[in-house]
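Structure, as structure tokens:
The values are calculated or read from the model by the stated rules, or taken from the named source; none is laboratory data. Just so we're clear, the structure is a prediction, and the values are computed from it rather than from any experiment. Cβ placement follows ideal geometry from the backbone for every residue including glycine, while neighbour counts extend to all protein chains displayed.
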Amino acid sequence: MSAKKNSHPVKRIFEVYLPLVPFLIFALFPFYFMMVTSFKGDAELYELGAIPFWIRKGVVLEHYSFLLNQTPFLTWISNSLLASALSTMISVTMSIMAAYSLARLNFLGAHSFGIIIFITYLVPPALLFLPLSQVVHKLGLSDSIWSLVVTYPTFLVPFCTWLLLGYFKNVPKEIEECAMVDGATRFQALIKIVLPVALPGIICATLFAFTLSWNEFLYALTFISSTAQKTATVGITADLIRGDIFYWGSLMAGAVLGSVPIVIAYVFFLDYYVSGLTAGAIK
Amino acid sequence: MIIDRPKGTAIPIYIQKDSLWRRLRVYLQRDAVVGYLLISPAMTLLLILVAYPFWIALYFSVSNTMVGSPGSFVGLRNFINLLDNSIFLQTLQNSFVFTGISVFFKTVLGLTLALLLNQKLRFKRFIRGAILLPFVIPTALSTLGWWWMFDSLYSVVNWTLYHLGVIASTSELNWLGTAHLAMAAVIIVNVWRGLPFFAISILAGLVAIPQELYEAAETDGAGRVGKFFYITLPLLRPVLVIVVLFSTIFTLSDFNIVYVLTRGGPVNSTHLFATLANQVGLVSGNIGEGAAISLFLFPILVITVYFQLKMIRKD
């Protein structure tokens, strides 16, 4: 629907901005509520008649200090950081290589390989997690971060390859061909020419890979059992409940803090996230 | 003798000593060699950690393997037992209800939101950023927030409904403890999480529709409804198909939301394939049966992939 010209400003508020408000509330309210809950004292939190929407009895930091001092929260965060960073590096490297060969090189099996990559992306972890748990066990990687570093690329590589393929195809062939006439090899052309031009795509792939790794839950839950090895998502959802008692304040604090790295990346690189999704849609 | 010159290589003008190193360098400039080298890491990874586990899954599903003890071949017994199992049949029903309703709402709401966003807006960047947030934040963690929002005693949803006069008391609706309400809750969270993906993707498709088409339609007398049904929807079809097919796969195989919110309960009324497979295969240890449950996803995947590829080939 196109924008109307010469529309009365009040009319625009009603037709354009007002309908957006329910969507914005729907999207943002859970985060607001999680933050408010994490700063509420236990007394007010568990008071049945109290208004849940804001804090009346003073902002309280005990949930955060409990989280940071009396749980392995920081260990979980560092585990997530390590697993995500390593998986991202491995996957993006593999994807750059695979995407470049699919975009530029014609060889027997290239097209089939492309289809295989695409199909692999559609095989969900929900199908693979059970047998993978046995493979991981056989490789001796059970209960360690390395099980994740090794398995995360299985869904990161197809996605990043697909994403980068689009960006690489948009790099004009001529500049590479110029370089190769001057004596550069394919490898040199890739590293010195294509990569700098396709840098936005690489940043995009890196961001998505990191986000998908950080957010991953099923494999981390399945492959890792001891508390000290858990990642942030698993530790916060599983280990903050003692017996039957839910430490809701700390649970919310954990959920808020556990999302912080992603939020930081998101705020700084918003346009890359949007363009990544957009590129996916118009393929 | 025909000299074979591989495409895309520079001809060495002089060849000095035919050393191994130099021959290797020339060999490495062939497209095919470089191509295979570049894709071999990814191929190896996918072979060992996707193709091989898939093969193992097939083996497990026709065996009676338990955790810690290798099993033996039992044919299709696992599958037959499942089709007789009321919990599995409930899961089957849950999966279709969950996926059908969620994808429907995500499509309708996503389309609406995309249409709203496709106008001249101030703060466009902020609004888009806010809308996309549920999709980017770790689902397991944001579902914790929803868990608290649906808590049986302290639910803010109930509080709001009570104060709006919709329900009689704040503990009237035990969302996560009542069968249909739990399914509703899980659907709501899934729609909340997936809506941004639909909205932003459809928006991309909307932006690509040329203005001239709308202007031409206006001069032909088309109103807003006419423009929507005769221009917007048909031109959005490719994007919609892709987004719906992707979402169907990921919604059907969802694990995080159901696991964190309900663990599949109450009384198995929200179990999906993934959560049931986890329960049966890993928690209870019956790997054979768990693998069989997971594999029920496969036919649906094949059908979806087939349609996806068909659509992509069409363009």
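Scan region A:171-190 and report the pairs whose first residue is within 10 Å of chain B (Cβ to nearest Cβ) and whose second residue is surrounded by 14 or more Cβ atoms within 10 Å (Cβ to Cβ) and among the aromatic types (F, W, Y), with Cβ atoms within less than 7 Å and a gap of 6+ or a chain change.
A:L190/A:Y100
If I filter region B:112-119 for residues that are over 30 Å from A:I245 (Cβ atoms), more than 9 Å from chain A (Cβ to nearest Cβ) and touching a residue at least 24 places away in the same chain (Cβ under 8 Å), do I get at least one hit?
Yes, some residue in region B:112-119 is over 30 Å from A:I245 (Cβ atoms), more than 9 Å from chain A (Cβ to nearest Cβ) and touching a residue at least 24 places away in the same chain (Cβ under 8 Å).
Run down A:L251, A:L277 and say which single residue is over 20 Å from the mean Cα position of the chain (by Cα) and modelled with pLDDT under 95.
On inspection, the qualifying residue turns out to be A:L251.
Let me spell it out: the conditions are (1) under 26 Å from B:V62 (Cβ atoms); (2) away from chain A (no Cβ under 11 Å); (3) free of Cβ contacts under 8 Å to residues at least 40 places away in the same chain, and B:V283 meets all of them except one. Which number is the exception?
For B:V283, the exception is condition (2).
Sort out for me the helices (runs of 4 or more DSSP H) sitting completely within region A:1-93 that have 1 or more residues that are in contact (Cβ under 8 Å) with a residue 12 or more places away in the chain and within 14 Å of chain B (Cβ to nearest Cβ).
Those helices (runs of 4 or more DSSP H) span A:18-38, A:42-45, A:62-70.
Quickly run through region B:132-151 and pick out the residues that are of a type in the set (A, V, I, L, M, F, W, C) and within 7 Å of chain A (Cβ to nearest Cβ).
B:L132, B:L133, B:V136, B:I137, B:A140, B:L141, B:L144, B:W146, B:W148, B:M149
Within region A:177-191, track down each residue that is part of a loop (DSSP other than H, G, I, E, B) and either surrounded by 14 or more Cβ atoms within 10 Å (Cβ to Cβ) or not assigned by TED's automatic domain parsing to the domain that holds A:M97 (or both).
A:A184, A:T185
Out of everything in region A:94-113 that is more than 8 Å from every other protein chain (Cβ to nearest Cβ) and touching a residue at least 24 places away in the same chain (Cβ under 8 Å), what residue ends up being farthest from the chain's Cα centre (by Cα)?
Looking at residues that are more than 8 Å from every other protein chain (Cβ to nearest Cβ) and touching a residue at least 24 places away in the same chain (Cβ under 8 Å), I get A:R104.
Is it the case that B:F98 is closer than 23 Å to B:Y259 by Cβ, in a helix (DSSP H, G or I), touching a Gly at 6+ places or on another chain (Cβ under 7 Å) and in contact (Cβ under 8 Å) with a residue 24 or more places away in the chain?
Judged against the criteria, B:F98 is not a match.
Residues of region B:49-82 being among the small types (G, A, S) and assigned to a helix (DSSP H, G or I), which ones?
Those that are among the small types (G, A, S) and assigned to a helix (DSSP H, G or I): B:A51, B:A57, B:S61.
Restricting attention to region B:174-186, and to residues there that are of a type in the set (A, V, I, L, M) and buried (at least 22 other Cβ atoms within 10 Å of the Cβ), which single residue is farthest from B:V136 (Cα to Cα)?
Restricting to residues being of a type in the set (A, V, I, L, M) and buried (at least 22 other Cβ atoms within 10 Å of the Cβ), the top hit is B:A182.
Does B:F273 satisfy being buried (at least 23 other Cβ atoms within 10 Å of the Cβ), facing chain A (nearest Cβ under 9 Å) and either in contact with an Asp or Glu (Cβ under 6 Å, 6 or more places away or on another chain) or at pLDDT below 95 (or both)?
In short, yes.
Which of the helices (runs of 4 or more DSSP H) found entirely inside region B:129-213 contain at least 1 residues meeting this: more than 23 Å from B:V260 (Cα to Cα)?
B:156-163, B:179-207
So the check is Cβ under 6 Å with 6+ separation or different chains; which pairs have a first residue in region B:155-172 that's under 15 Å from B:A185 (Cα atoms) and a second one that's aliphatic (A, V, I, L, M) and not in a helix (DSSP H, G or I)?
Pairs that qualify, where the first residue is under 15 Å from B:A185 (Cα atoms) and the partner is aliphatic (A, V, I, L, M) and not in a helix (DSSP H, G or I), are B:N158/B:L173; B:L161/B:I167.
Looking only at residues that are at pLDDT below 90 and over 16 Å from B:A199 (Cα atoms) in region B:122-150, which one is surrounded by the most Cβ atoms within 10 Å (Cβ to Cβ)?
Within region B:122-150, the match that is surrounded by the most Cβ atoms within 10 Å (Cβ to Cβ) is B:F123.
Could you say whether any residue in region B:14-32 is surrounded by fewer than 17 Cβ atoms within 10 Å (Cβ to Cβ), modelled with pLDDT under 90, of a type in the set (V, I, T) and within 30 Å of B:V267 (Cβ to Cβ)?
No; the residues of region B:14-32 include none that is surrounded by fewer than 17 Cβ atoms within 10 Å (Cβ to Cβ), modelled with pLDDT under 90, of a type in the set (V, I, T) and within 30 Å of B:V267 (Cβ to Cβ).
Can you name every residue in region A:118-132 that is at pLDDT 85 or above and either more than 7 Å from chain B (Cβ to nearest Cβ) or on the phi > 0 side of the Ramachandran plot (or both)?
Within region A:118-132, A:P125, A:F129 qualify.
Filter region B:256-315 down to residues that are touching a helix residue (DSSP H, G or I) at 6+ places or on another chain (Cβ under 7 Å) and assigned to a helix (DSSP H, G or I), then give me how many there are.
Final tally of qualifying residues: 32.
For A:D143, which of the numbered conditions (1) in a helix (DSSP H, G or I); (2) within 23 Å of A:F217 (Cβ to Cβ) fails to hold?
The single condition A:D143 does not satisfy is (1).
Among (1) closer than 28 Å to A:F159 by Cα; (2) at pLDDT below 90, which single condition is B:A217 missing?
For B:A217, the failing item is (1).
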